[in-house]
Amino acid sequence: MTGLDTLRPRLPSPVQEVSDPRFARRGLRLLLKRDDLIHPELVGNKWRKLAPNLTAAAGRAVVTFGGAYSNHLRATAAAGRLLGLPTVGVVRGEELADRPLNPSLARCAADGMRLHFVDRSTYRRKAEPDTLARVLRAAGAEEAYVVPEGGSNRLAVRGCRALGEELAGRADVVAIACGTGGTLAGLAAGLDPDQRALGIPVLRGGFLTADTRALQHEAFGGTRGDWALDDRFHFGGYARTSPELDAFAVDFEDRHGVPVERLYVAKLLYGLAALAEEGAFPRGATLAAVVTGRPFP
């Protein structure tokens, strides 16, 4: 991983304790695992998932997949610019090709990523070998190294195991916001046997339990760790928020001076506060929330 070492990641990422009355009145300690400080452009779990895949790419172009607001696409594009690798982003929604790029996709393009838009039906079938081959041909990326949506594959899950190892013995419950389940799958595998991992999905659908289990089987040959999901805090689905969530995020930022990314981190922290209020955690427990990203400027 010599090429990646030149980017000087901050590992292990720091752990910050915050005093918050929403947790303290329930007898709970709250730690923030500041993965958002690993690297200024390859933030949080994106570093942990991309690093082993970029090593495996061995200098080849990298093609990957995402929606119009994908943090993963942005991180891959930034990695390509920093490491001098060509990148191709296959974007869900053919209709978007005729519209001005949103700020997220504009950043990808500015970082040198070539964007290829596909219709939503094709995108849903992107894991099928014939469909994938057709998409790669159309994108001119037949020889590229393929990273799946969200970066979650066997290598990524193994890379995220280090996150759990860095938190071993530090907290009773380690919570993380989930998109594809890859980070949760690796995190849970790295924790001590008496620790529990909690995933807060940011998408609707209730499919992540099966996906996370499948990723652990692919990476480790079976399920690992004590983990569960609570899918009540997605606020309507990916990239959806609400005035209530935004007010919560602003309040958290004002109290603790920590920037709160809205699509993942805000939902995680809101969910933890709601669970604390419900009495879901025993008094005296220590909770660790993994801060996986920063607000997009």
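The values are calculated or read from the model by the stated rules, or taken from the named source; none is laboratory data. Given the structure is predicted, the values throughout are model-derived calculations rather than measurements. Reconstructed Cβ throughout: ideal geometry from the backbone, glycine too, with neighbour counts over all protein chains shown. Heavy atoms of the whole protein, side chains included, go into the accessibility calculation; ligands, DNA and RNA do not. Shrake-Rupley method; radii C 1.70, N 1.55, O 1.52, S 1.80 Å.
Being among the aromatic types (Phe, Trp, Tyr), in contact (Cβ under 8 Å) with a residue 60 or more places away in the chain and part of a loop (DSSP other than H, G, I, E, B) is the filter here; which residues of segment 197-222 pass it? Can you show your working first?
Start the filter on segment 197-222 by keeping residues that are among the aromatic types (Phe, Trp, Tyr), which leaves 207, 220.
Subset that is in contact (Cβ under 8 Å) with a residue 60 or more places away in the chain: 220.
Answer for segment 197-222, where residues must be among the aromatic types (Phe, Trp, Tyr), in contact (Cβ under 8 Å) with a residue 60 or more places away in the chain and part of a loop (DSSP other than H, G, I, E, B): there is none.
Which is in a loop (DSSP other than H, G, I, E, B), under 23 Å from Leu54 (Cβ atoms) and open to solvent by less than 40 Å² (accessible area, probe 1.4 Å), of Ala156, Ala162, Ala141?
On the way: Ala156 fails: in a loop (DSSP other than H, G, I, E, B); Ala162 fails: in a loop (DSSP other than H, G, I, E, B).
Answer to the selection: Ala141.
Inside segment 171-181, can you point out the residues that are over 14 Å from Ala228 (Cβ atoms) and either more than 8 Å from the chain's Cα centre (by Cα) or free of Cβ contacts under 8 Å to residues at least 40 places away in the same chain (or both)?
Ala171, Thr180
Is it fair to say Leu115 is outside any helix (DSSP H, G or I), hydrophobic (A, V, I, L, M, F, W, C) and under 25 Å from Leu203 (Cβ atoms)? If you could, list the steps in order and put the result at the bottom.
On the way: outside any helix (DSSP H, G or I): yes; hydrophobic (A, V, I, L, M, F, W, C): yes; under 25 Å from Leu203 (Cβ atoms): yes.
Criteria met by Leu115.
Look through Glu94, Glu128 and report the one residue that is open to solvent by 10 Å² or more (accessible area, probe 1.4 Å), touching a strand residue (DSSP E or B) at 6+ places or on another chain (Cβ under 6 Å) and either farther than 17 Å from Ala144 by Cβ or of a type outside the set (D, E, K, R) (or both). Steps first, answer last, please.
Numbers: Glu128 fails: touching a strand residue (DSSP E or B) at 6+ places or on another chain (Cβ under 6 Å).
Exactly one of Glu94, Glu128 is open to solvent by 10 Å² or more (accessible area, probe 1.4 Å), touching a strand residue (DSSP E or B) at 6+ places or on another chain (Cβ under 6 Å) and either farther than 17 Å from Ala144 by Cβ or of a type outside the set (D, E, K, R) (or both), namely Glu94.
Applying the selection to segment 1-22, what residues are touching a Leu at 6+ places or on another chain (Cβ under 6 Å) and open to solvent by 60 Å² or more (accessible area, probe 1.4 Å)?
Arg10, Glu17
Given (1) out of contact with any Cys (no Cβ under 9 Å at 6 or more places or on another chain); (2) surrounded by 24 or more Cβ atoms within 10 Å (Cβ to Cβ), where does Arg240 come up short, assuming only one miss?
All conditions pass for Arg240, except number (2).
Among (1) modelled with pLDDT of 95 or more; (2) among the charged types (D, E, K, R); (3) under 16 Å from Val62 (Cα atoms); (4) open to solvent by 40 Å² or more (accessible area, probe 1.4 Å), which single condition is Asp111 missing?
(4) is the only condition that Asp111 fails.
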